[in-house]
Structures are given as C-alpha cells and as structure tokens.
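The values are calculated or read from the model by the stated rules, or taken from the named source; none is laboratory data. All figures in this text were calculated on a predicted structure; none of them were measured in a lab. Cβ placement follows ideal geometry from the backbone for every residue including glycine, while neighbour counts extend to all protein chains displayed.
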Amino acid sequence: MADSNGNPSELTLRRVLVIGTGLMGTSLALALREAGIETRLHDIAVGRLALAVERGAGVPHDEDLDGGYDIAVLAIPPDAVAGELLRYQRLGVARSFTDVASVKSKPLAEAEKIGADMTTFVGGHPIAGRERSGPAAAHPDLFVGRPWVITPTPAAGEEAIAAVRALAVAAGATPVVMTAEEHDAALALVSHLPHLLASVLAAQLVDAPRDFTALAGTGLQDVTRIAAGDPQLWTEILAANADHLLGYLERFQQRLQDAAAYVARIARGDAAATTALTELLRTGVQGRLRVPVKRGEPAAGFATVAVTIRDAPGELAALLRALAEAGINVEDVRVEHEPGRPVGVVELDVREDKAQALIRCVRDAGWQLYV
Ligand SMILES: NC(=O)C1=CN([C@@H]2O[C@H](COP(=O)(O)OP(=O)(O)OC[C@H]3O[C@@H](n4cnc5c(N)ncnc54)[C@H](O)[C@@H]3O)[C@@H](O)[C@H]2O)C=CC1
Ligand SMILES: O=C(O)C(=O)Cc1ccc(O)cc1
C-alpha cells in the first residue's frame, strides 16, 4: 500500500474506537464525528464515558464490533499505553492501533518488551491540548492546524502508518513523521521544560500574600497557565522523559545562576552588570521570536501597527473591511479599550512586507495610527 514515492497511500477511516474519553479522546472523537467517521468510546471511568456520550462524541463500544474498527486510539495516560495496547491487540479489536501520549520512547519500549505486535502499532502525539482534563474541557477544533507527530518504528506496517496519518488529517491536524527519540528530545525543550518551570514559578505564589497576587497581570497568567495541568499526568510525562529533560534543566539552571549573579552585582551597586542583564533579556527577545504564533509560523517577520478607532458600533468592522478591500491579510487582531474613553486601540499584526501597504490604507481612510 505505497505510492510511487514510497509514501503510504491514503486510507479512508470508517469506524474508530477511542479508548479514554478525557480531554484528548473526547476532543478527537468529536472531531472525527464532524468529519463523518463513526466513533465508539470506552473509558474505565463510567462518568467520563457518559459525559463524552452526552456531548455527542459517539456511543459506547460494543464487543460485537471487535475486529470491526479501522483503528483503536489509546487516549490514556502514558504509563497505561503499553499494557492496554497488548490487551486490545489480543482482543483483536482493530486493524491498527495508536496512542496520543505526550512521550513516545517509553511506551514504545514497554510495548516491545511485553510482546505487543509492532506491525499494527504506530505511536502518535497531537501537539494540541489544554491545562484542563476530562471530557467537559474537550473541543472538536482542538487539533485544527496543529502538528500531529507520528513515530513509526521500522517494524510498522504501511496500513497502520496510513491509518494514523488519516486520523490526524481527519482531525484537521498536519502529520509530522519523526522517530520517538527525536520527538522526545524536541518536546523536552518545547513542552516538558516549560511545564516544569511554570509549576516551579507558580509554586512560589502559594505562600504569597493575597494582596500581592491580587496585583498580578496577564504576564503572570501567561507564564503560569500550563502549571494548572493535571499533576498526576505530568509526573508521568516528565518522569518518562527525564534524560532529555535533565539536559535542558541543567542549561536553564546555568542561565538562572547567571541572572542571579547579575542581579546580585546590581544590588551591590555595580552598574556594569546592567549591561549583562540587558544582554540576557535581548537573548530572551530573540528566543521568543522563535515561538510559533499562528499555524506554525514564527513571530519573526511580522509587524504590529496600532490604530485608534472610535468606540462605536461598526468601527472595527469598517477598518477590517477597508484592509480586506486593499488585499491585506491581517494575521492577528487585539483590541484594547480604556473604560470611559470614547476610543479604542486596535493592534494589527501583518507580515512585514505588507506593513507599508497597511499604513497607507489606514492613513488614506483617515484613521490615526502608531507604528
Ligand atoms: N492534556 C493535554 O493537553 C495533552 C495530553 N496528551 C496525552 O493524551 C493522553 C490523555 O490525556 P488527557 O486526555 O489530557 O487526560 P484525561 O485525564 O483528560 O483523560 C484520560 C482518560 O483516560 C481514562 N483512562 C485511564 N486509564 C484507562 C484505561 N486503562 N482504559 C480506558 N480508559 C482509561 C481516564 O479515566 C480518563 O478519562 C495522555 O497520554 C497525555 O500525555 C497529548 C497532548 C496534549
Ligand atoms: O496548553 C498548552 O498550551 C499546551 O501546550 C498543551 C499540550 C500539553 C501536552 C502536550 O503533550 C501537548 C500540548
């Protein structure tokens, strides 16, 4: 089942079994149903299964259908994946099997060790999620435009690879193939380290006076949001990727020590240390530019233009319409209102090469702008 380039050909999914109807499983089942695919559900927690069914994610799995699924998706914690994979393979429920766990090497190694069939199993990880768990937090659009990492081993059969690709595409995601080892090295830096750091930072706040935390702005919300994630699940994720995580954690520790040394010198009145501190902050600005902001595109290469508009019905729509008519695609919009003031500020993000055209268009139409 391969095309002339050696890529697995397309496969049509008709019926999918989702095992684990929490955040990920229910979101996936909702997305698959929107794509016209029949879904059946199972969870060891009957309340979670009932809520997923209630939300329209599918109907409970019926053993009469064992053998009738194109693919079974294990949307359960990483440490449960290998054992459940073997169990469901022995029951012969589906032609192919995958998981959605946030770490890939450990479940794979465990599956091999306990004798799971590695021809029908291909690991997967949708890089999409939330800091909330359970079916109540699920959303069918969760995967739209997001990468979905697929980690086939050399033993993996073409049908299983094609089935996992089809699953990712049906959910609106973009399949990205890599090894489990490459995945874990990358995710340690972009997901597992940030989670641990957010938790450490948020833990500092536990003993803080309430009148201090009451003053927190969106900055603190931004850097601590993911710390609200399920501690049990994240312990499994961090422990399973401890080797890669440790390397990044040590480098982070070094930078933090440097920062602490600069601050200590500044506190002692050594003004020269401010240059070193500024340099570190500049490096942070550079790193931040590498964080994708929209559908995998980096923030670098974008320009932000602020426009003041009257706080009146239709004013924002008129601005966006004028830009659309000029053929300018706005990548992101933020609106700031000052209570009691008759104007609002609209921040428009556009590609740098469109910035001049945007400025001309906004000026010609008579709006006030700030670059
Ligand atoms: N939370 C997130 O943002 C993301 C999570 N993931 C991965 O997705 C998987 C699921 O995570 P969430 O949906 O967030 O967790 P969740 O806690 O919302 O859902 C997990 C569900 O699995 C069920 N379950 C546990 N063991 C089971 C078993 N043996 N058989 C059947 N059901 C079982 C639980 O009752 C629960 O309903 C994890 O492996 C996680 O690493 C991947 C990407 C993002
Ligand atoms: O909440 C967020 O912003 C996330 O980054 C969610 C997330 C959590 C775990 C994953 O394995 C993948 C994505």
Item to check | Yes/no for Ala228 being within 16 Å of ligand 1 (Cβ to nearest atom) and not assigned by TED's automatic domain parsing to the domain that holds Pro77 | outcome: yes
Next on the checklist: Suppose we keep only residues that are within 15 Å of Gly229 (Cβ to Cβ) and of a type outside the set (A, V, I, L, M) within region 191-209. Which one would you say is farthest from ligand 2 (Cβ to nearest atom)?
Outcome noted: Ser199
Checklist entry - Has region 69-85 got any residue that is small (Gly, Ala, Ser), touching a helix residue (DSSP H, G or I) at 6+ places or on another chain (Cβ under 6 Å), assigned to a helix (DSSP H, G or I) and touching a residue at least 60 places away in the same chain (Cβ under 8 Å)? => result no
Item to check | Among the residues listed as Gly20, Gly36, Gly47, the single one being within 6 Å of ligand 1 (Cβ to nearest atom) and in the same structural domain as Ala101 (by TED's automatic domain parsing) | outcome: Gly20
Checklist outcome for this item: Selection over region 223-253 where residues are small (Gly, Ala, Ser), in a helix (DSSP H, G or I) and in contact (Cβ under 8 Å) with a residue 12 or more places away in the chain yields a count of 4
Checklist outcome for this item: Considering residues that are within 16 Å of ligand 2 (Cβ to nearest atom), surrounded by fewer than 19 Cβ atoms within 10 Å (Cβ to Cβ), not β-branched (Val, Ile, Thr) and not in a loop (DSSP other than H, G, I, E, B), the number found within region 148-190 is 5
Checklist entry - Can you name the residue in region 143-166 that is touching a Pro at 6+ places or on another chain (Cβ under 8 Å) and among the small types (Gly, Ala, Ser) and, of all such residues, is farthest from Val73 (Cα to Cα)? => result Ala162
Checklist outcome for this item: Residues of region 228-250 being of a type in the set (Gly, Ala, Ser) and farther than 13 Å from Ser191 by Cβ, in sequence order, are Ala228, Ala239, Ala242, Gly247
Next on the checklist: Could you tell me how many of the residues in region 155-195 are within 15 Å of ligand 1 (Cβ to nearest atom) and among the hydrophobic types (A, V, I, L, M, F, W, C)?
Outcome noted: 11
